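As structure tokens, the structure follows; a few thoughts come after it.
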Amino acid sequence: MTDKTRNTMWGGRFAAGPDAIMEAINASIGFDQRLAPQDIQGSRAHAAMLAATGIISDSDAEAIGEGLLTVLSEIETGAFPFRVELEDIHMNVEARLKELIGEPAGRLHTGRSRNDQVATDFRLWVRDQCDAVTEGLTALIRALLGQAEAGADWVMPGFTHLQTAQPVTWGHHMMAYVEMFGRDVSRFRDARARMNEGPLGAAALAGTSFPIDREMTAKALGFDRPAANSLDAVSDRDFALEFLGAASICAMHLSRLAEELVIWSSAQFRFVTISDRFSTGSSIMPQKKNPDAAELLRAKLGRILGANVALFTVMKGLPLAYSKDMQEDKEQVFDAADTLMLGLAAMEGMVRDLTANRANLEAAAASGFSTATDLADWLVRALGLPFRDAHHVTGALVKRAEEKGCDLPDLTLDEMRDAHADITDAVYEVLGVHNSVASRTSYGGTAPEQVRVQIARWKEKLT
Ligand code: ARG
């Protein structure tokens, strides 16, 4: 309970404590306690620097460093008494340190402010998440490579407008997602490299008159360098926005793959079977096996993109430097990061367990006149027709097959010749789906040999 006659934190200036509602809207300890390890790491680096520069004594710095480790272990074991009247993780840690070591605790906050402190803690946290997400993505890429390798030459329909377009290979389709998730990895790496500047020592907004060593704290915390402008250092949340931007794109990729899994696992498609481990049943329809994990993954982008929009909206009108609005950054990023990590793990499991129904894929690839382009290309190559004329002749043959209720290879040579008198038997060779995919040997094309080139390139990249 707050003592209303006294102010716990700003006793000197304030005669009364805050209203309960003020405390409720102001406090962030309910969520920013997640930053405890980073806060303690930052404070230990700061204390060591204060001693090295002679701003505090070695013995005080030692007491602070030791005391902070005790606080950390209390937090880790759940013994730490979080107090909402102390607002946030920074004040909670410092107050507990005071209880543990007494007077030297009051020297820790020399030459810094909660503004550079929170900017430092949060950067460290987001930086760790970039590494964790990169790991999750790499595991998913490996699972996709496994699928691609197993089915490098399995034929399936390729779609545009979700209408049968041309035959492609299962491996090629899996490798398309490897490219997407590979770009995600590079986005998180880029963001990580850009955010790796230390705000500590920017103090409230203007720097400090104490002879601090910002290079030293930056180095101790694994930053490449200290941030070069103190106003920017405390008011910048680009790193969080970049993380959310990269997370949104990654979640969009997950959502597209999830959508394909939902479609492919339906009774109408039967392209894949999702394992029991990643499916659910229906409480009323005994035959049902639902792709719930894929559906949820499809929806998760909503939360992540929502977090992205929310933080943009928080930041867009803020004057320099720090404003309390910025406290609203954390919950969005925490939730987006948790959601993305869970989503990556779920997709990895689903892809690993996935069974592609090879026979169904091939049967579907052969229907819907999927080799019509191969026929048109043959008319160009073998008979020397201009492509536009070849397109027209092929269209007539598709119409004929449609009327007859058959696929292109089922038309007789006489029927073919009704459309163009010079067509020969050789045309049937290009109408088969295996020949069709095998012929697409251009770089990045769907031919199994090309797909294997890309699989090998990715495996090399991951070693
Ligand atoms: N809890 C605050 C936050 O998350 C810490 C910084 C507070 N700074 C201040 N001047 N009130 O942003």
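Would you please classify the overall shape of segment 86-194 from the alpha carbon gyration tensor, given that a ≥ b ≥ c denote the square roots of the eigenvalues, rounded means a/c under 1.5, and beyond that prolate means a/b larger than b/c while oblate covers the rest? Since a/c reaches 1.5 and a/b is larger than b/c, the shape of segment 86-194 is classed as prolate. When the pairs Lys316/Lys459; Lys98/Lys316; Lys219/Lys330; Lys219/Lys459; Lys219/Lys300 are compared against a 31 Å limit on Cα-Cα distance, Lys316/Lys459; Lys98/Lys316; Lys219/Lys459; Lys219/Lys300 fall above it. Annotation: extensible slack from Ile21 through Lys98 equals 25.0 nm (criterion: 0.36 nm per residue apart, minus Cα-Cα distance).
Grab the other residues whose beta carbon is less than 12 angstrom from that of Leu100, score K and R as +1, D and E as -1, and report the net. Provide the component values of the computation, followed by the final result.
Numbers: positive: Arg96, Lys98; negative: Glu66, Glu74, Glu94, Glu99, Glu103.
Taking every other residue near Leu100 into account, the sum is -3.
The heavy atoms of Thr53 offer some 40 square angstrom of accessible surface to a 1.4 angstrom probe. Put a dot 7 Å past the Cα of Phe269, heading toward its Cβ, do the same for Arg225, and the two dots end up 4.9 nm apart.
At the residue level, Thr446 shows approximately 10 square angstrom of accessible surface with a 1.4 angstrom probe and all protein chains present.
Largest to smallest in accessible area, the residues His391, His420, His253 fall in the order His391, His420, His253 (1.4 Å probe, all protein chains included).
Scanning the chain for helices, which whole DSSP H stretches are 27 Å or more long along the axis (Cα) and average -0.5 or more by Kyte-Doolittle?
Values: long enough: 58-77 (29 Å, 0.17); 114-150 (54 Å, -0.12); 170-195 (38 Å, -0.62); 238-264 (39 Å, 0.99); 292-315 (35 Å, 0.86); 329-353 (36 Å, 0.04).
In the chain, the long hydrophobic H runs are 58-77, 114-150, 238-264, 292-315, 329-353.
Under 1.5 on a/c is rounded, so check that first for segment 103-152, then, if it is not, pick prolate when a/b is larger than b/c and oblate when it is not; a ≥ b ≥ c are the square roots of the alpha carbon gyration tensor eigenvalues. Taking the square roots of the gyration eigenvalues as a ≥ b ≥ c, segment 103-152 is prolate. Within the accessible area of segment 342-463, the carbon and sulfur atoms contribute 53%, probe 1.4 Å, all protein chains present.
Of all DSSP beta bridges in the chain, what percent run antiparallel (nearest 5)? List each step's numbers first, then the result.
Numbers: 9 of 11 bridges.
Taking every DSSP beta bridge with both residues in the chain, the antiparallel ones total about 80 percent.
Which residues' amide hydrogens lie under 5 Å from the amide hydrogen of Val272, considering only partners 5 or more residues apart or on another chain, with H built in the peptide plane? Those lying under 5 Å, H to H, from Val272 are Ser265, Asn357.
The largest accessible area among Trp125, Trp10 belongs to the first residue in Trp10, Trp125, and the rest follow in falling order (1.4 Å probe, all chains). Straightening the chain between Phe312 and Glu66 buys 84.6 nm, computed as 0.36 nm per residue apart minus the Cα-Cα spacing.
Placing pseudo-labels 7 Å out from each Cα toward the beta carbon at Thr160 and Lys459 gives an inter-label distance of 3.3 nm. Amide H contacts under 5 Å for Val168: Met156, Gly158, restricted to partners 5 or more places along the chain or on a different chain, H placed in the peptide plane at 1.01 Å from N.
Using helices alone, what [θ] at 222 nm do you get for the chain, with -39,500 (n - 2.57) per DSSP H run of 4 or more residues, divided over all residues and rounded to the nearest 500? Each step should come with its number before you reach the end.
Working: 19 runs with 286 residues, N = 463.
Calculated mean residue ellipticity at 222 nm is -20000 deg cm²/dmol.
Distance between the pseudo-spin-label points of Arg142 and Thr77 (7 Å out from Cα toward the beta carbon): 3.6 nm. In the assembled protein chains, Leu342 presents an accessible area of approximately 110 Å² (probe radius 1.4 Å). In segment 231-271, what chymotrypsin sites (Phe, Trp or Tyr not before Pro) fall in a loop by DSSP, with at most 16 other Cβ atoms inside 10 Å? For chymotrypsin sites (Phe, Trp or Tyr not before Pro) across segment 231-271 that sit outside H, G, I, E and B with at most 16 neighbouring Cβ atoms in 10 Å, the list reads Phe269.
Longest stretch of the chain clear of exposed loop sites (trypsin sites (Lys or Arg not before Pro), DSSP loop, at most 16 other Cβ atoms within 10 Å, sites excluded): 84-269.
The values are calculated or read from the model by the stated rules, or taken from the named source; none is laboratory data. Values in this document were obtained by computation on a predicted structure and should not be read as measured data. Cβ sites come from the backbone with ideal geometry, for glycine too, and all protein chains shown count toward neighbours. Accessible surface areas use protein heavy atoms only, side chains included; no ligands, DNA or RNA. Shrake-Rupley method; radii C 1.70, N 1.55, O 1.52, S 1.80 Å.
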